[in-house]
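For reference, the structure discussed in these notes is given below.
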Amino acid sequence: MDHVTSRPSASQADQSRHAWAESGVENLGAGVYRIPLPLPGDSLRAVNVYAIAGDDGVDLIDAGMALEQARERLTESLGQLGYGLGDIRNFFITHIHQDHYTLAVQLRTTLSGKITLGEGERINMQAIRNVEAGRNELGFIEMLAAMGAPELADQVRGFVAGHAGRHQRLQWSDPDHWLADGAQLDLRSRTLRAVHTPGHTRGHVVFHDEAAAVLFAGDHVLPHITPSVGFQPAINKLALRDYLGSLRLMLTLPDSRLLPAHGPVCESTHDRVSELLAHHETRLEQTLAAASAGPVTALQAADAIPWTRRQRRFADLDPMSQVLAIGETAAHLEVLVLRGQLVRHTSPEGVDTYKLPVG
Ligand SMILES: [Zn+2]
């Protein structure tokens, strides 16, 4: 048999890689269901909402994006489980990103379900308010100048402004409950523990069901991609340090089935966490190498490193991916500074450059 043709073709492999995002309800057993909701035009394709069925209602982990298509899909899917939108008791949201939070806020305007969000997101909520009131720019745009990419900042400002015009204004009201690290959520059928996992955002939480060995991981641990770090309204230079700490924290919990917000369900959280830690160590080595002939800005270092699993050149990425790539690079450079492997110099204009320590 020809071993070449027996392998899946590239497009077949791509199809199975994206199978998780197709509409439907996946029964994960013990009253837990995975419901992928669409994110049209987004390379993430979909966001998983997990429904936990109860006798007198349903609790959701994450809510999806405030879009008509997402709302319809959620209505249909809950209908298959015998619930209406009015039966949602709680929206337990892993973090403040719009693809997780905003549909909950929209639904709450007419329904009684309560929204819970990690208290570490207060600072991002405040930053969003400041941006809406014109007091501040979005943190990740503001940081681009310090990263040596002011032209890209201009491009992204234009993109964000155009985007805001096309969509109806997103709702950013506070949750009903701000959740503390370690809080226990008693759902009667099970108990979830909220574990603060800063990095992807400041206030990201995962929900751990230790008895069932299940982890609702949000964007902290994703099976196919490495989550962005620090791509949030409020600036945090040490987002990668926080993220690596939050990954190691997962290894101190008993291993669990991984229920991610993007991608298919996987058997071992620990296996994926180990891969992600190894990935970032490789990235740190590449970043250090890129800065060795320094001084370099984050932009210059990003330009020297291959991107995505296809090893693409930085210049070939679209502007939003370039923003993420520069942010990632800056985060790695800052960890190298913390480790004493690089030093940072900030120019009078506020541009950060990095180089090897002298001597
Ligand atoms: Zn996210």
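Every number here is computed from the coordinates shown, using simple stated rules; none is lab data. Computed from a prediction, not measured in an experiment: that's the story for all the values here. Here the Cβ positions follow ideal geometry from the backbone for every residue, glycine too, while neighbour counts run over all protein chains shown.
A few remarks follow.
- Taking the Cα centre of the stretch 106-166 as origin and assigning +1 to Lys and Arg Cβ atoms and -1 to Asp and Glu Cβ atoms, the resulting dipole is close to 380 debye.
- Restricted to Cα atoms, the stretch 208-248 shows a radius of gyration and a Dmax of 12.4, 37 angstrom.
- In Hz, Karplus ³J(HN,Hα) per residue of the stretch 218-227 (6.51, -1.76, 1.60; θ = phi - 60°; x = Gly, Pro): x, 9, 5, 10, 10, x, 9, 10, 8, x
- Gyration tensor verdict on the stretch 267-319 (Cα atoms; rounded if a/c is under 1.5, prolate if a/b is larger than b/c, oblate otherwise): oblate
- Secondary-structure-derived ellipticity at 222 nm for the chain, considering helices only, amounts to -11500 deg cm²/dmol, per-run term -39500 (n - 2.57) for DSSP H runs with n ≥ 4.
- Relative contact order, percent, the chain [alpha-carbon distance under 8 Å, six or more residues apart]: 13 percent
- Relative to the longest principal axis of the Cα atoms of the chain, helix 239-251 runs at roughly 50 degrees.
- Using only side-chain charges placed at the Cβ, +1 for Lys and Arg and -1 for Asp and Glu, the dipole size of the chain relative to its Cα centre rounds to 380 debye.
- Fully extended contour minus Cα-Cα distance, from LEU277 to THR75, at 0.36 nm per residue: 68.9 nm
- Degrees separating the helix 319-338 axis from the principal Cα axis of the chain, which is the longest one: 70 degrees
- Charge dipole of the stretch 265-351 (Cα centre as origin; +1 on each Lys and Arg Cβ, -1 on each Asp and Glu Cβ, all else neutral): 120 debye, rounded to the nearest 20.
- Put simply, the C-alpha atoms of the stretch 203-306 give a gyration tensor, and the ellipsoid matching it has half-axes of 29, 14, 12 Å, longest first.
- Here, the stretch 22-101 yields an orientationally averaged convex hull projection of 5.0 nm² when only Cα atoms define the hull.
- Cα gyration tensor shape for the stretch 144-266, rounded if a/c is under 1.5, else prolate or oblate: prolate
- Peptides 218-226, 84-92 ordered by average Cβ neighbours within 10 Å, highest first: 218-226, 84-92
- Taking the centroid of alpha carbons for each part, the stretch 28-48 and the stretch 238-286 are 20 Å apart.
- Annotation: the antiparallel percentage among DSSP beta bridges lying fully within the chain is about 70.
- Three-way shape call for the stretch 222-271 based on the alpha-carbon gyration tensor, with the a/c threshold at 1.5: oblate
- Helix 122-132 axis, angle to the chain major axis (alpha carbon atoms, nearest 10°): 80 degrees
- Working from Cα pairs under 8 Å separated by at least six residues, relative contact order for the stretch 302-359 is 19 percent.
- Across the chain, Cα-Cα pairs more than 24 Å apart make up 59 percent of the total.
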